[in-house]
Amino acid sequence: MQTRVALEGDGTDIARARHLAAGFLAQGQEEHGLAVSRRAMDVTQLVVSELVTNAYKHAPGPAWMELRITTGVVHVTVGGSDPVLPAARAADASRVGQHGLEIVRAVTEGFEAHNDATGKHITARIALQDWDISLADSSRKRRGCDLPSD
C-alpha cells in the first residue's frame, strides 16, 4: 500500500499531510485489515508534521511526501529540493525549538536521510503495532537476561 502527494509550499501543507497520513492508515485498517495501534496513528501524524514542517522551512522548491506500508511498518518519506542533510544538534537546555529531528529519532523504529538528484529525502519508519513489553519480559527470562528485582 502506498500513496504520494506533492506539497504546495503553503501553510496548509502540514495539516493536509497529517490528515492524509491518518486517512492512509485508516484505509489500511478498513480495506486491508491492517492492525494499527492508536500510538502508531499518533506517532505517524507527529512524524509527518515534523518532517513536512522541516521541508516547508528549508526546501526552496517543490517538496513531496510518500507513505508506504510494508509488513508491520509505515514508512514516511518527505523529499525536497534542499540538498543539505539534517543533522542532530547538541543538547542545549536553553534552546527553544529546533528539536524535530531528535523527536523523530526518539519515536521511530528507524530514520534515514539521503541525497538524490533533486535534493534529499528523509524516511522514518513507525511500527504499526505497539511493542508488547510483557512478551519481551518473558523472552528475556527464557534467555536468562532477567533484570534483578529491587
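The values are calculated or read from the model by the stated rules, or taken from the named source; none is laboratory data. All figures in this text were calculated on a predicted structure; none of them were measured in a lab. Positions of Cβ are generated from backbone atoms using ideal geometry, with glycine treated the same way; all protein chains shown enter the neighbour counts. When the accessible area is computed, the model is the full protein with side chains, heavy atoms only, and any ligands, DNA or RNA have been set aside. Shrake-Rupley method; radii C 1.70, N 1.55, O 1.52, S 1.80 Å.
Every residue in the stretch 24-38 that is touching a strand residue (DSSP E or B) at 6+ places or on another chain (Cβ under 9 Å) and closer than 22 Å to V107 by Cα, please. Selection gives F24, L25, G28, L34, V36, S37.
Taking only pairs six or more apart or across chains, which ones have beta-carbon atoms under 9 Å, a first residue in the stretch 78-89 that is in contact (Cβ under 8 Å) with a residue 24 or more places away in the chain, and a second residue that is open to solvent by less than 70 Å² (accessible area, probe 1.4 Å) and basic (K, R)? Within 9 Å, the pairs are G79/K120; G80/K120; S81/K120; D82/K120; P83/K120; V84/K120; L85/K120; P86/K120.
Of all residues in the stretch 25-52, which are assigned to a helix (DSSP H, G or I) and among the polar types (S, T, N, Q)? Listed by number, the residues that qualify are Q27, Q29, T44, Q45, S49.
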